[in-house]
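> The following block contains the structure, expressed as structure tokens.
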Amino acid sequence: MSSHPVPAGTPGSRREQILAAAAELFARHGFHGVGIDDIGAAVGISGPALYRHFRSKDAMLGEMLTAISEVLLEGGLSRAEKYPDSSVRLAELVRFHVDFALDNPALITVQERNLGNLADPDRRRVRTLQRRYVEVWVETIQDVVTGIGEPSARAAAMAVFGLINSTPHSRQLDRTQMGALLRRMAMSALTRGSLG
């Protein structure tokens, strides 16, 4: 997969098209509710032809969720490096995660619902990547919020992820309005002194 997830309908390699179609179908019908033939039909090939690109539906899911976690970690680390001012870094982390969630609602849904369907090696890899991404947030929150302990910073990060990642289920506004609302809510929750 490319270094950035590809939303459905986006031109790209055949693998990217297959993963984007699978993400949409998994989000809509659940991992177990989608067959290889369904994914093949969505990209205009036979189900068995998918095996030229992926060894199994499980491998598709593993690559999809690993790629999501890699993109999030890379984005978090690049912002941590680029923005030494912790308040600016926190705002940029929020902006990045909000943009990712709004641009990739199917991937967010698949990630939220299907971690348990991964093979053990893929699950361990995804969990490791996710923990590293959370650590970027925890360190930034601790730099911004005076006196906050690590457990509270971790809980705050996870709560904000829950807020932002709810967008596939709660989006009522256009993308610009929804993005601005989520950024305001997340920053308010993280910086209004209620975490200390």
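The values are calculated or read from the model by the stated rules, or taken from the named source; none is laboratory data. Fair warning: this is a prediction, and the values are worked out from it, not measured in the lab. Don't worry about glycine lacking a Cβ; one is built from the backbone with ideal geometry, like all the others, and counts go over all protein chains shown. Only protein heavy atoms, including side chains, enter the accessible area calculation; ligands, DNA and RNA are left aside. Shrake-Rupley method; radii C 1.70, N 1.55, O 1.52, S 1.80 Å.
> Only one of (1) crowded, with 16+ Cβ neighbours inside 10 Å; (2) hydrophobic (A, V, I, L, M, F, W, C); (3) free of Cβ contacts under 8 Å to residues at least 12 places away in the same chain fails for Val88. Which number is that?
Going through (1) crowded, with 16+ Cβ neighbours inside 10 Å; (2) hydrophobic (A, V, I, L, M, F, W, C); (3) free of Cβ contacts under 8 Å to residues at least 12 places away in the same chain one by one, Val88 breaks only (1).
> Next question. In segment 97-138, how many are surrounded by fewer than 16 Cβ atoms within 10 Å (Cβ to Cβ) and among the acidic types (Asp, Glu)?
3
> I need the full set of residues from segment 169-183 which are open to solvent by 40 Å² or more (accessible area, probe 1.4 Å) and either farther than 20 Å from Ala80 by Cα or not assigned by the TED database to the domain that holds Leu93 (or both), in order please.
His169, Ser170, Arg171, Gln172, Leu173, Asp174, Arg175, Thr176, Gln177, Leu181
> Give segment 12-37 a look and list any residue that's closer than 22 Å to Thr167 by Cα and buried (at least 16 other Cβ atoms within 10 Å of the Cβ), or say none.
Within segment 12-37, Leu19, Ala20, Ala21, Ala22, Ala23, Glu24, Leu25, Phe26, Ala27, Phe31 meet the criteria.
> So which residues in segment 155-168 are surrounded by fewer than 17 Cβ atoms within 10 Å (Cβ to Cβ) and either without any contact (Cβ under 8 Å) to a residue 24 or more places away in the chain or at positive phi (or both)?
Ala155, Gly162, Ser166
> Is it the case that Gly40 is modelled with pLDDT of 95 or more, crowded, with 18+ Cβ neighbours inside 10 Å, in a helix (DSSP H, G or I) and small (Gly, Ala, Ser)?
no
> How many of the residues in segment 72-121 are closer than 25 Å to Leu25 by Cα, among the acidic types (Asp, Glu) and more than 16 Å from the chain's Cα centre (by Cα)?
1
> Okay, moving on. Looking at Leu93, is it on the phi < 0 side of the Ramachandran plot, crowded, with 21+ Cβ neighbours inside 10 Å and in contact with a helix residue (DSSP H, G or I) (Cβ under 8 Å, 6 or more places away or on another chain)? Reasoning before the result, please.
Values: on the phi < 0 side of the Ramachandran plot: yes; crowded, with 21+ Cβ neighbours inside 10 Å: yes; in contact with a helix residue (DSSP H, G or I) (Cβ under 8 Å, 6 or more places away or on another chain): yes.
For Leu93, the condition - on the phi < 0 side of the Ramachandran plot, crowded, with 21+ Cβ neighbours inside 10 Å and in contact with a helix residue (DSSP H, G or I) (Cβ under 8 Å, 6 or more places away or on another chain) - is met.
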